[in-house]
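Asks: Can you keep this structure in mind? I'll have questions shortly.
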Amino acid sequence: MKRWITPIVAILAVGLVAVVIAGCQTEQADTEAAVTQPTDTAVAIDEHAAAHDVEGEFTYTCPMHPDVQQNRPGNCPECGMFLVADTDEAVEYYCPMHEDVVEEHPGKCPECGMFLEARPADDAE
């Protein structure tokens, strides 16, 4: 009986190690995909903009990659930073769904998760 226990334990140990290694590789691949692919929120914003022909008041650029420009708020596809309004005017960032949410910097609405949009600071409603 003891002759069979040792090989079974060895096979189970090898199987467990294989599962752990496979899991680590999958997690690394998922992380790399998350860095290179747009987020679900960014995709939803692109789909909304295409469906409603949304054209922003400002051009949004990445502080680290000035060549990245969009006509709507979002994240930089190269580094993931929030895009900021490219303007010389003073701007504030507000949520289109919750206009009481106003920030000095780009980001996401704490209530619904939408990207905050820029508007001139003196246009506050």
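Bear in mind these aren't lab numbers, they're just calculated from the coordinates by the rules spelled out. This one's a predicted model, so the numbers in the text were calculated from it and none came from an experiment. Every residue, glycine as well, gets a Cβ built from its backbone with ideal geometry; the counts of neighbours run over all protein chains shown.
Asks: Out of segment 81-119, which GluC sites (Glu not before Pro) are coil in DSSP terms and have no more than 15 other C-beta atoms within 10 Å?
Replies: Counting only loop positions with at most 15 other Cβ atoms within 10 Å, the GluC sites (Glu not before Pro) in segment 81-119 are Glu89, Glu99, Glu104, Glu111.
Asks: Would you tally the net charge around Pro63, using a Cβ to Cβ cut-off of less than 13 Å, leaving Pro63 out, and scoring K and R as +1, D and E as -1? Spell out each step's value before the answer.
Replies: Values: positive: none; negative: Asp67, Glu78, Asp86.
Taking every other residue near Pro63 into account, the sum is -3.
Asks: Using 0.36 nm times the number of residues separating Asn71 and Cys112, minus their current alpha carbon distance, what extension gain do you get? All intermediate terms of the calculation are to be shown ahead of the outcome.
Replies: Values: separation 41, 0.36 × 41 = 14.76 nm, distance 2.11 nm.
In short, 12.6 nm is gained.
Asks: Give me the extension gain from Arg3 to Asp88: residue separation times 0.36 nm, minus the current Cα-Cα distance, reported in nm with one decimal. Walk me through the numbers on the way to the answer.
Replies: On the way: separation 85, 0.36 × 85 = 30.60 nm, distance 7.99 nm.
Between Arg3 and Asp88, full extension yields an extra 22.6 nm.
Asks: Please give, to one decimal in nm, the separation of the simple spin-label points placed at Leu12 and Met81, each 7 Å out from Cα toward the Cβ.
Replies: 5.3 nm
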